[in-house]
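Below you'll find the structure, written out as structure tokens, and then a few comments.
The values are calculated or read from the model by the stated rules, or taken from the named source; none is laboratory data. All of these numbers come straight from a predicted model, not from anything done at the bench. Methodologically, a virtual Cβ is constructed for each residue, glycine included, from the backbone with ideal geometry; neighbour enumeration extends over all protein chains shown.
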Amino acid sequence: MVAGRYRATLDAAKVTVFLLDEHQYMRPDEIGETKLIGEATKRRGIPLAAYDLDTQFRCAGSQEYMWWVDWVLGFRTTPPEDWRGKYRLDFTTSPDDLDDFVAH
């Protein structure tokens, strides 16, 4: 039972915090879906409080950028809204080209 893997983690402390990104995995055998944690806590009678952290500081809180990344990776089916001139997307063919771009 996959949700049983959370048992040791749920028993380890009075408060356990999971920060999950449903689209990000490090290894093929890794688990970490919100649904599984919900099932495990419900079975064990553990109260669960879930919060959606809708801002990501790695992109300065830009929702448009996150929508674009999700669209490029296939997590969204609709293309993002226009960035309204906030960002510029360029491509390079080599690390040297990137160094030149950043230097100028």
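Brief remarks on what is shown
- Residue match in region 83-97 (condition: surrounded by 13 or more Cβ atoms within 10 Å (Cβ to Cβ) and modelled with pLDDT of 75 or more): no
- Subset of region 27-46 that is more than 15 Å from the chain's Cα centre (by Cα) and not in a helix (DSSP H, G or I) - its residue that is nearest to residue 15 (Cα to Cα): 46
- Of the candidates 68, 83, the single residue that is of a type in the set (A, V, I, L, M, F, W, C), within 17 Å of the chain's Cα centre (by Cα) and not assigned by TED's automatic domain parsing to the domain that holds residue 24 is 68.
- Residue-level analysis places residue 75 among those that are in contact with a His (Cβ under 7 Å, 6 or more places away or on another chain) and either at pLDDT 80 or above or among the basic types (Lys, Arg) (or both).
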